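Input: a single structure, listed below in structure tokens.
The values are calculated or read from the model by the stated rules, or taken from the named source; none is laboratory data. What you see is a predicted model, and the numbers here were worked out from it, not measured in a lab. When we count neighbours, we look across all protein chains shown, and the Cβ atoms used for this are built from the backbone with ideal geometry, even at glycine. Side chains included, ligands, DNA and RNA excluded: accessible areas come from the protein's heavy atoms. Shrake-Rupley method; radii C 1.70, N 1.55, O 1.52, S 1.80 Å.
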Amino acid sequence: MKKLILITLISVFVVTSCDQKSKTEKDISTYYLIRHAEKDRTDSTNRNPNLTDVGLVRAENWAKHFEDLKFDAIYSTDYNRTKQTALPTAKANNLEIVFYNPSDLQVEAFIEKTKGKTVLIVGHSNTTPKFANSLLGESKYDDMADDNNASLYKVTISKNGKTSEVLVVN
């Protein structure tokens, strides 16, 4: 009888611990923000260029870099270069790309909509750090250098606060 009670207590503890972990994980939102890959600069009048061959390789490399992550959503501005950067990772996660307007972020609504999710956001040299700053609620990051296509901003929001880091992924 004592063994049965002990097994029952252990089972309840394990189930409770698992439930608490699930609740905790649901409360953590993780955002990965990147700038589009290398764009074609041959026509300076083209406001919506495609990626170069090097950029297409980088887009594939982003998908490989993220292969151990399961994204719940992928956001991109509605430009060829950002969509082409997001596409390999979207395909790998069987997700449609959701478009956002960097001029109208509505960050609080975005945070609420993506609460507890893992999200990739593809933007530009000025919008990527701006979006990271908006998620953090502070002006921490400056615009990226125009030749920087390798920075990865990671913002985590939990009940314990907000954290961020910037990595370089070549």
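Where nothing but the Cβ of Lys and Arg (+1) and of Asp and Glu (-1) is charged, how large is the charge dipole of the stretch 79-170 around its Cα centre, in debye to the nearest 20?
Charge dipole, the stretch 79-170, about its Cα centre: 420 debye, nearest 20.
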The stretch 126-135 - phi-based ³J(HN,Hα) in whole Hz, Karplus 6.51/-1.76/1.60, Gly and Pro as x: 9, 7, 5, x, 4, 5, 4, 4, 5, 5
Listed pairs K115/K140; K113/K162; K83/K130; K39/K113; K26/K130; K91/K162 exceeding 27 Å between Cα atoms: K39/K113; K91/K162
Anisotropy class of the stretch 48-105 from Cα gyration tensor, a/c 1.5 cut: oblate
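With the other protein chains left in place, how much accessible area per residue, in square angstrom, belongs to the chain at a 1.4 angstrom probe?
Per-residue value: 61 Å².
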Alpha-carbon radius of gyration plus Dmax, which is the widest Cα pair, for the chain in Å: 19.7, 81
Anisotropy class of the stretch 91-170 from Cα gyration tensor, a/c 1.5 cut: rounded
Accessible area of the stretch 115-170 belonging to carbon and sulfur atoms, whole % at 1.4 Å probe: 41 percent
Beta bridge orientation in the chain: antiparallel %, DSSP, nearest 5: 55 percent
Positive-pole candidate from I28, F131, A109, dipole of the chain, charges at beta carbon: I28
Relative contact order, percent, the stretch 78-170 [alpha-carbon distance under 8 Å, six or more residues apart]: 19 percent
